[in-house]
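Note sheet for the following structure.
Computed from the coordinates by the stated procedures, all read-outs in this text should not be read as laboratory data. On a predicted model such as this, the values are computed, not experimentally measured, just so you know. Methodologically, a virtual Cβ is constructed for each residue, glycine included, from the backbone with ideal geometry; neighbour enumeration extends over all protein chains shown.
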Amino acid sequence: MGARGDWHPILAAVEGPTGVWRMVDPDGKQYGAIEIRRVMNGTQARYKAMWRGDVIGWSTTLREACERVHKAYLAAHGPGGRPMADWGAESWRAP
């Protein structure tokens, strides 16, 4: 990967059918989806971000929705729970 800014999660979005973007990994496997919806009497557009079939939030831009889904995708690849190192912060220590 080149300099920061060369890639953005929106580049993983594949449109189709109309109004739906599928988030796909480099192998072409879908890992999330985004749907555009009209709200407030049809005057405003919102993007519904979905991960593993569950709605994980709503966004005002496609870019933000892609970031939300991609963050969930990345988090699923981590060990889960707290960070490995707490750097001495009290908030990370077990009770």
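The ranking of THR61, THR43 by Cβ neighbour count inside 10 Å, starting from the fewest, reads THR43, THR61.
Counting neighbouring Cβ atoms within 10 Å and putting the fewest first, the residues ILE10, ILE36 line up as ILE36, ILE10. Taking θ = phi - 60°, what integer Hz values does the Karplus form 6.51 cos²θ - 1.76 cosθ + 1.60 yield along the stretch 43-56, in sequence order, with x for Gly and Pro? Values, residue by residue: 8, 10, 9, 10, 10, 8, 9, 10, 10, 6, x, 9, 6, 10 Hz. Note on the stretch 9-75: Kirkwood hydrodynamic radius from all Cα pairs is 11.7 Å, rounded to one decimal.
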